[in-house]
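A.B. asks: Structure in structure tokens, see below.
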Amino acid sequence: MDLATLHETATALVAPGKGILAADESSGTIKKRFDSINVESTEDNRRAYRDLLFTAPGAEEHISGVILFDETIRQSGLDGTPFPKLLAGRGIIPGIKVDTGAKPLAGAEGETVTEGLDGLRERLAEYSELGARFAKWRATYTITDALPSQYCIDANAHALARYAALCQEANIVPIVEPEVLMEGGHTIDRSNDVTAAAQEALFHALFEQRCALEGLLLKPNMVLSGYECKQQAPDTEVAEKTVRCFARTVPAAVPGIVFLSGGQSDEQATSRLNEMNQLGSHPWQLSFSYGRALQAPALKAWKGDAANVGAAQQAFVHRANLNGAARSGSYTAAMEKAA
Ligand code: 13P
């Protein structure tokens with residue numbers, strides 16, 4: 001493990017004003033996104049869509065890295081340049097999703113454990129050859145009155161740490177993603193308790209498995225009211241509770257916390273990140289690694305039609321700019337309207 005290289009990559013991913021584009025939708029998820037705009041999920045369409053995101057003029061000002069899916073890291077853009085090379089040429093760091101998905105956890109009705117450890121050392125070596133410098137692994141936790149179980153939290157923490165240790169061995173920065181889902185009627189305080197428990201188990205496992213915190217990034221949910229909760233916490237409360245939760249559970253040696261958007265609207269995801277950064281300086285960088293909250297307007301503008309590529313790129317870069325501003329707490333709602 002070369003900790004200096006890992007730390008340098010992790011720090012570059014959370015450079016001031018910058019954050020990560022998650023474009024690592026699996027085949028099933030990208031089909032769902034394309035269904036929403038009535039576009040068939042063919043390999044050519046997926047390539048054309050990713051190409052428009054990765055070549056969007058000006059995106060590199062606020063996008064530090066892109067998480068790719070296995071198919072995408074092997075594809076070339078419309079000009080024939082392999083995607084990882086195309087991104088690196090623009091100063092954007094290529095990354096790769098390496099988990100193989102959340103599967104039912106044996107003996108735990110309604111809960112999942114994320115798989116993908118078998119053969120991971122060899123896969124990481126290949127991804128490194130293909131240009132990947134960081135990776136992602138996502139675990140999910142469902143909230144009900146009884147869930148998540150400690151068993152589910154521990155099984156996922158153990159797998160996340162095993163993945164992280166293998167990444168660091170290969171000099172690939174692991175992004176560890178324990179996602180507490182928004183589905184359900186739970187309160188923000190219940191989300192806080194479950195998020196804290198997931199973080200606590202995760203950092204314990206990372207310590208046990210000898211991972212270097214200076215060479216990884218955390219990708220968590222924000223602390224939020226469940227979708228169906230009648231009392232929806234305002235952005236200021238989300239920001240305060242999220243920052244307090246992580247201050248208690250995430251060591252200062254971690255260079256950055258890069259939030260997922262997880263079903264928040266584009267504007268909520270930006271505004272809440274902005275509120276957090278307005279709360280002053282924190283031990284870690286607070287940034288974004290958004291999928292839907294960066295892509296939704298671009299997807300809608302594109303509609304699968306090459307004639308709309310320019311408009312879709314503008315929509316994507318606009319969101320990247322707004323989230324870039326949220327990195328320093330300088331976003332305002334009025335900026336939403338600027339073309
Ligand atoms: P969302 O921002 O759409 O939640 O996606 C981020 C991600 O990478 C989930 O694993």
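A.B. asks: For segment 67-155, please list each of the helices (runs of 4 or more DSSP H) lying entirely inside it that holds at least 2 residues being small (G, A, S).
C.D. replies: Details: elements: 70-73, 83-89, 120-129.
By residue number, 83-89, 120-129.
A.B. asks: While we're on this one: Could you please tell me which pairs satisfy a Cβ distance under 8 Å, a separation of 6+ or placement on different chains, a first residue in segment 163-188 that is within 15 Å of R123 (Cβ to Cβ), and a second residue that is among the basic types (K, R) and assigned to a helix (DSSP H, G or I)?
C.D. replies: Every condition considered, the pairs that remain are L166/R121; E169/R121; A170/R121.
A.B. asks: Just name the residue that is farthest from V317 (Cα to Cα) out of those in segment 271-301 that are more than 12 Å from the ligand (Cβ to nearest atom) and of a type in the set (S, T, N, Q).
C.D. replies: Among those residues, the one meeting the criterion is S281.
A.B. asks: A further question on this structure: Restricting attention to segment 91-110, which residues are without any contact (Cβ under 8 Å) to a residue 60 or more places away in the chain and at positive phi?
C.D. replies: Pass one, segment 91-110, residues without any contact (Cβ under 8 Å) to a residue 60 or more places away in the chain: 91-92, 94, 100, 102-110.
Passing the criteria: G91, G107, G110.
A.B. asks: To continue, here is another question. So which residues in segment 135-188 are closer than 25 Å to T29 by Cα and either among the aromatic types (F, W, Y) or at pLDDT below 95 (or both), if there are any at all?
C.D. replies: Once the filter is applied, which keeps residues that are closer than 25 Å to T29 by Cα and either among the aromatic types (F, W, Y) or at pLDDT below 95 (or both), segment 135-188 yields W137, Y141, Y163.
A.B. asks: With the checklist (1) on the phi < 0 side of the Ramachandran plot; (2) of a type in the set (G, A, S); (3) assigned to a loop (DSSP other than H, G, I, E, B) in hand, flag the one item A198 doesn't pass.
C.D. replies: It is condition (3) that A198 fails.
A.B. asks: Let me ask something else. Does L53 count as under 21 Å from the mean Cα position of the chain (by Cα), more than 30 Å from A252 (Cα to Cα), crowded, with 17+ Cβ neighbours inside 10 Å and in contact (Cβ under 8 Å) with a residue 12 or more places away in the chain? Please lay out each step first, then the result.
C.D. replies: Details: under 21 Å from the mean Cα position of the chain (by Cα): yes; more than 30 Å from A252 (Cα to Cα): yes; crowded, with 17+ Cβ neighbours inside 10 Å: yes; in contact (Cβ under 8 Å) with a residue 12 or more places away in the chain: yes.
Yes: the conditions hold for L53.
A.B. asks: Also: Given the conditions (1) in contact with a Lys or Arg (Cβ under 8 Å, 6 or more places away or on another chain); (2) not in a loop (DSSP other than H, G, I, E, B), report the number of the one that A233 does not fulfil.
C.D. replies: Every listed condition holds for A233 apart from (2).
A.B. asks: So E115 fits all but one of (1) crowded, with 21+ Cβ neighbours inside 10 Å; (2) under 16 Å from F69 (Cα atoms); (3) touching a Gly at 6+ places or on another chain (Cβ under 7 Å); what number is the exception?
C.D. replies: With respect to (1) crowded, with 21+ Cβ neighbours inside 10 Å; (2) under 16 Å from F69 (Cα atoms); (3) touching a Gly at 6+ places or on another chain (Cβ under 7 Å), E115 is out only on (1).
A.B. asks: Next question, about the same structure. Please count how many residues of segment 16-38 are in contact with a Leu (Cβ under 9 Å, 6 or more places away or on another chain), surrounded by 12 or more Cβ atoms within 10 Å (Cβ to Cβ) and not in a helix (DSSP H, G or I).
C.D. replies: Here the count works out to 7.
The values are calculated or read from the model by the stated rules, or taken from the named source; none is laboratory data. Predicted model only: the values in this text are computed from it and were never measured. Quick reminder, even Gly has a Cβ in these numbers, built from the backbone with ideal geometry, and neighbours come from all protein chains shown.
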